[in-house]
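For reference, the structure is listed below as structure tokens.
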Amino acid sequence: MKKILPAIALSALFLIFGITAFITHTTPGLRLLITLTEKFTPGDVSVGTIKGSLMDGVVLHKVRYNDGTREVFIAEAAITLRLPALMQKQLVITSLNLSNVKFKELQPTSPSNVTEFPQVTLPISLYMEEAVVESLDIKQLATKEKIHFKKLSLEHFSMVGNHMQVESLNVHQEQISIELKGELRTTGDYPLHISSAYSIKLDHYPQISGNAIIKGHLLDCLIKSNITKPVQATLSSRFTIKEKLPLWNLEATSDAVALAAINSTWPNIVFGDVQLKGTGTFDKATLTIQTTSNMVDYPNLADIATNATLEFHKDGLRITELGIKKGTSHIHAHGHLDWQKGVSWSIEAQAKEFDP
């Protein structure tokens, strides 16, 4: 019996090495692994064609996943791993390339009054040296229009335990480009610290660019931004979500805002010492504005002090207060603009020592 046991152990060892080599070094082994994944993954998983091996790199075509609530399609996925790192409890992805990715929501998510994040701590360390997604479409039931991303690129991502870090994440849409770097912890209330640079180009308007820092927690964060083009301004905002209700408040200041710099067809008016404060949700908001305006083409119409309080809601706009002062002349007004059932408006104004 003692002579047989070493032979059995040696045979088992060779069998394990043989199965491991078969799975990691051959395309049939890779195909077997994906077949097992399809069998034991919740939902329906299918892969059109399979090329390569885990050791040399994997290329998959027509990958589909459907769990009844969402559907994901990937036209092509190519991944390269550093398998020896698994011996040090590290999963290292040297490159990941996805093309023509489509995400579709099939059923609405169940509403909940409390937002709870899963507490995630990985048993092994995850490293991703680079990843690229070419063309990503996201379609949700709540919105009819799909969200399209031209390209997403990621460099030097890591997650050790509950600590997630990324050195560079670039997001490109048709009109928006954003570069992010920072860190996030996936336990507790998800504390984060992110820095970003952004560029926005809308039709008929010049490019808007600037940078921002986001810190705090995922559902309660402070955003500070410096806008550099087409005007210079600073903005500070706090974004909070409580019981599924998003709340925000902001403060913005600028030494000078030239309307013609924003749109060349607009009047040549420069607003100086702009101070803006606001608070609200996605359904309604209140803004207060203080500024001194100058009409460049009309020197006599300079140093016009203006203050206003505006209320925005889904049905219209309320001007609760509008004050304009030039020297000893005063104008006070209030009114509303409604658009829920057609367009209707009204305004009332009072003038004191008004000299046109």
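Couple of notes before you dig in:
- Rounded to the nearest 20 debye, dipole of region 55-207 from Cβ charges on Lys, Arg, Asp, Glu: 280 debye
- Chymotrypsin sites (Phe, Trp or Tyr not before Pro) within region 266-317: DSSP coil, no more than 10 neighbouring Cβ in 10 Å: F282
- Förster-model FRET efficiency, 30 Å R0, T41 and Q88, C-beta, rounded to 0.05: 0.65
- Counted residue by residue at 0.36 nm each, then reduced by the alpha carbon distance between them, the extension gain from N300 to H313 reaches 1.0 nm.
- With a Förster radius of 41 Å applied to the C-beta separation of T279 and E167, the computed FRET efficiency comes to 0.75.
- Loop-located trypsin sites (Lys or Arg not before Pro) in region 133-180 (DSSP state not H, G, I, E or B) with no more than 13 neighbouring Cβ atoms inside 10 Å: K144, K146.
- Fully extended contour minus Cα-Cα distance, from H156 to T320, at 0.36 nm per residue: 54.0 nm
- Sparsely packed trypsin sites (Lys or Arg not before Pro) within region 231-289, loop by DSSP, other Cβ within 10 Å at most 11: K244
- In a simple Cβ point-charge model (Lys, Arg +1; Asp, Glu -1; nothing else charged), region 121-226 has a dipole of about 280 debye relative to its Cα centre.
- With a Förster radius of 25 Å applied to the C-beta separation of V132 and K51, the computed FRET efficiency comes to 0.85.
- Computed lengthening from A351 to K224, 0.36 nm per intervening residue step minus Cα-Cα distance: 41.8 nm
Values quoted throughout were computed directly from the atomic coordinates according to the rules given, and no laboratory measurement underlies them. It should be emphasised that the depicted structure is a prediction, and the values quoted were computed from it without experimental measurement. No Cβ is skipped: glycine too gets one built from the backbone with ideal geometry, and neighbour counts run over all protein chains shown.
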